[in-house]
Amino acid sequence: MVEIKTDTALDAMREAGRVVARALAAAQEAAAVGVSLRQLDEAARAVLDEAGAGSPFLGYRPPFAPTPFPAVICASVNDAIVHGIPTDYRLRDGDLVSIDCGAELDGWTGDAAISFTVGTPRPADLDLIAATRRALDAGIAAAVAGNRIGDISHAIGQVARTARCGMPADFGGHGIGRRMHEDPHVPNRGRPGRGFPLRPGLALAIEPMLMAGGRDEYATAADGWTLRTVDGSRAAHIEHTVAVTADGPRVLTLL
C-alpha cells in the first residue's frame, strides 16, 4: 500500500533527513587513508545518538539476508556496489567509497547515500561519481506531480546508459515514510509514462547505482550482504529521499 504523506509528515521526514545528512557528512569527514570502515560507522552512529535517532539499518534483515545487518551504515568500497558491511578494512589511497545511511526520528525515516574518493582520486572514479550524481539529479527532476514512476526510472537509465555504465537490475529506489522500505518500488530503468502515478505527498528514496564496467550483472559476496561487480570494475551509489509536492520535488535529506 502506498501512503501519501501530509505536509506535517513531510516536515517530520525533513528533520530525519537532516540527521541522515549530518551522519553521512561525519562519515565522509572521518574517512582517510588508514581509517577503518568500522570507524566510519562509529562516526555516523555518534550523530544518530546525539540526535536521539534510531537506525533503520541496524538489525535489519530482509528475506535475502542470512543475518541481521550489524551497523548503522553500509560501507561499500571499490567494486562493492551496495550493502557493504563496515569491517576492520582500512581505507587505502585511491579507494572509492559509497556510504548509505538512514535515520528514524519521531516515527519517520530518512535514507540517503554518498560516494567519494579517499586520498588521490582516479579520474575514472570521479567521472563515475559525476555520472551517478547526474543520474540522481535527472531522477529527482522527473519526480513531479503528473509524472509516473517510469519517468523517474527512464531519466536515471538514460544518464547511466549515456555514460556507458551498468546498473544492478534487481535493485533500485523505494517508497519511504514510517518505514525505510515502502511501496512503490523505483527501478533505475524503465519506460516513461508507465508505473505508479506521482502525486503530492508521495515520498521516495531515489538511488542510482552505477557500475563503470558497463555490465548489469552482479555477485553477492560470502557475507550474504555485499553486492559486487562481476568484472571487478568500480561502482558508485548516490541517494536522496525526495517528496513530490505541488511546487516540485523537495529533497528531504540535505543538511
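The values are calculated or read from the model by the stated rules, or taken from the named source; none is laboratory data. Quick caveat, the model's predicted, so the values are computed rather than measured. Cβ: placed from backbone, ideal geometry, glycine included. Neighbour counts: every protein chain shown. Surface areas here come from the heavy atoms of the whole protein model, side chains and all, with no ligands, DNA or RNA. Shrake-Rupley method; radii C 1.70, N 1.55, O 1.52, S 1.80 Å.
Of the residues that sit in segment 168-191 and are among the small types (G, A, S) and in contact with a His (Cβ under 9 Å, 6 or more places away or on another chain), which one is farthest from V72 (Cα to Cα)?
The selected residue is G190.
Quick one: which residue in G54, G84, G59, G94 is among the small types (G, A, S) and within 21 Å of L254 (Cα to Cα)?
None of the other options fit; the residue is G54.
Among the candidates R179, R148, single out the residue that is in contact with a strand residue (DSSP E or B) (Cβ under 8 Å, 6 or more places away or on another chain) and in contact (Cβ under 8 Å) with a residue 60 or more places away in the chain.
R179
Considering only residues that are over 18 Å from H174 (Cα atoms), of a type outside the set (D, E) and out of contact with any helix residue (DSSP H, G or I) (no Cβ under 8 Å at 6 or more places or on another chain), which ones fall in segment 228-255?
R228, T229, V230, G232, S233, A246, G248
Per-residue answers, yes or no, for (1) small (G, A, S); (2) within 18 Å of the chain's Cα centre (by Cα); (3) more than 20 Å from D125 (Cβ to Cβ):
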residue	(1), (2), (3)
A21	yes, yes, yes
A26	yes, yes, yes
E42	no, no, yes
F57	no, yes, yes
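Restricting attention to segment 104-128, which residues are over 13 Å from the mean Cα position of the chain (by Cα) and either at positive phi or of a type in the set (A, V, I, L, M) (or both)?
The answer is L105, D106, G107, V118, G119, A124, L126, L128.
If you go through segment 149-180, how many residues are under 13 Å from A135 (Cβ atoms) and of a type outside the set (A, V, I, L, M)?
Qualifying residue count, segment 149-180: 11.
Could you list, in sequence order, all residues of segment 207-228 that are open to solvent by 10 Å² or more (accessible area, probe 1.4 Å) and among the polar types (S, T, N, Q)?
T220
Restricting the first residue to segment 216-239 and requiring it to be under 13 Å from D100 (Cα atoms), which pairs with a second residue that is surrounded by fewer than 21 Cβ atoms within 10 Å (Cβ to Cβ) meet a Cβ separation below 6 Å and a spacing of at least six or different chains?
Final answer for the pair search is I238/R133.
If only one of R61, R38 is under 29 Å from D170 (Cα atoms), out of contact with any strand residue (DSSP E or B) (no Cβ under 9 Å at 6 or more places or on another chain), modelled with pLDDT of 95 or more and not small (G, A, S), which one is it?
Of R61, R38, the one residue that is under 29 Å from D170 (Cα atoms), out of contact with any strand residue (DSSP E or B) (no Cβ under 9 Å at 6 or more places or on another chain), modelled with pLDDT of 95 or more and not small (G, A, S) is R61.
For R22, are the conditions met, namely being out of contact with any Gly (no Cβ under 7 Å at 6 or more places or on another chain) and crowded, with 19+ Cβ neighbours inside 10 Å?
Yes; evaluated as a whole, the condition is true for this residue.
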